[in-house]
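Have a look at the structure below before the remarks.
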Amino acid sequence: LVATVYLPLGSSAEAVEAAARLNGSRPHLQLVLRAQRERGEAYPINELRNLAIAAAHTSHFLTLDVDLWPSEGLHAAFTRQSAALLANKRSALVVPAFAFYATKHAAEADEAFPRKASELPRSMAQLGHCVQRGNCTTFYARSSPETHSSTNYPKWWNWTDVRRTFGIACMRSTRYEPYVIVPRLPSTPRYHEGFDGYGKNKIEFVIHLRYTGFRFDVLPFAFVTHMQHSKSELKEQWEDGATHHREKMDALFLQFAESLRASNKKMKKMPDCSASRAAAKGRSRKAR
């Protein structure tokens, strides 16, 4: 496990020393410290992710924000897959994502966390009970369902083969941003560090994988869960038009997507579902 810690300007010597002591204090835990370089620096979210990837020594990597918790069986579910799949240089294994709601009001979530953390689902059975109680849903199901809609959750729930994934044939939305396990190879894209703060910083990574020919398969019997928390300052800046941050990230995203399309014209990529349906209708007309 590699965790990147961002140290704001003015961090006390005690805080830095505490982070340094924690580094290596547990097996398989490594901390990478990144100090804020100047006042007003935008939160370098994708730089932090790339620093963590660079410090890893594993064959694959999965990047998660600190508010996401992996299920207990995730590593076992990954290692059960075929050697051919794991050796595929352009394979992205989608880990289904869920949201855990500790309270009805997000503003109260931070206070509720210490009391509710033990209820966070860690197994498939616990997740099933959490969904039945209404405390867990598909991630962003209530506010932005398209961001995870390409993952076939009904199929995942009913899947029985622990040693086999199932593929995603097409992308339902360009806003699709699943959490994926990918090979830690020089040929695997890294996060675009021009994206900072909140917004578009995971979607750009997914479309980069897509335009460079990665196939997407859903990993069975494993998941990650988002722990509810109050709205971050970064998200408030995203929603505040006066900061122009959203406008800047949207423009960068469109520019980046166009450059990917132009430089990967010959690469076979996962199609849009709308294009797949149109092609199927065309074939049907010809058959008649």
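Going 7 Å from the Cα of His75 along its beta-carbon direction, which residues of the stretch 1-41 have the amide nitrogen within less than 13 Å of the resulting point? Zone members listed by number: 1-2, 27-30. Assuming charge only on the beta carbon of Lys and Arg (+1) and of Asp and Glu (-1), the dipole of the chain about its Cα centre is about 2080 debye to the nearest 20.
Here the accessible area is traced with a 1.4 Å probe on the protein chains. For the chain, carbon and sulfur cover 54 percent of it. For the listed peptides 76-86, 171-181, a ranking on the average number of other beta carbons within 10 Å per residue, highest first, reads 171-181, 76-86.
Among the listed values (i) 22.6; (ii) 15.2; (iii) 18.5, the one matching mean projected area of the Cα convex hull in nm² as calculated from this structure is (iii). When the stretch 1-133 is described by a simple charge dipole with +1 on each Lys and Arg Cβ and -1 on each Asp and Glu Cβ, the residue from Leu51, Thr103, Ala87 located farthest towards its positive end is Ala87. For the pair Arg164 and Ala55, label points projected 7 Å from Cα toward Cβ lie 4.0 nm apart.
Which percent, to the nearest 5, of DSSP beta bridges fully inside the chain are antiparallel? Among the beta bridges of the chain, antiparallel pairing accounts for roughly 50 percent.
With R₀ fixed at 30 Å, the C-beta to C-beta distance from Ala87 to Glu14 puts the FRET efficiency at about 0.05. Per-residue ellipticity at 222 nm for the chain, helices alone: DSSP H runs ≥ 4 residues times -39500 (n - 2.57), over residue total, nearest 500 deg cm²/dmol? The helix-only estimate for the chain comes to -10500 deg cm²/dmol at 222 nm.
For the stretch 83-94, backbone phi angles converted through the Karplus equation (6.51, -1.76, 1.60; θ = phi - 60°) give residue-by-residue couplings of 4, 5, 5, 5, 8, 5, 5, 10, 10, 10, 8, 7 Hz, Gly and Pro being listed as x.
Solvent-accessible surface of the stretch 1-67, taken per residue with a 1.4 Å probe and all protein chains present: 62 Å². Under 15 Å of direct C-alpha separation, and excluding same-chain neighbours fewer than eight residues apart, Lys155 reaches these aspartates and glutamates: Asp217.
Computed with a 1.4 Å probe over protein heavy atoms only, the accessible surface of the stretch 116-267 comes to 50 Å² per residue.
The values are calculated or read from the model by the stated rules, or taken from the named source; none is laboratory data. Note that the structure is a prediction, hence the values are computed from the model and not measured. Neighbour counts run over all protein chains shown; Cβ positions are idealised from the backbone, glycine included. Areas reflect the complete protein model, heavy atoms only, side chains present, ligands, DNA and RNA absent. Shrake-Rupley method; radii C 1.70, N 1.55, O 1.52, S 1.80 Å.
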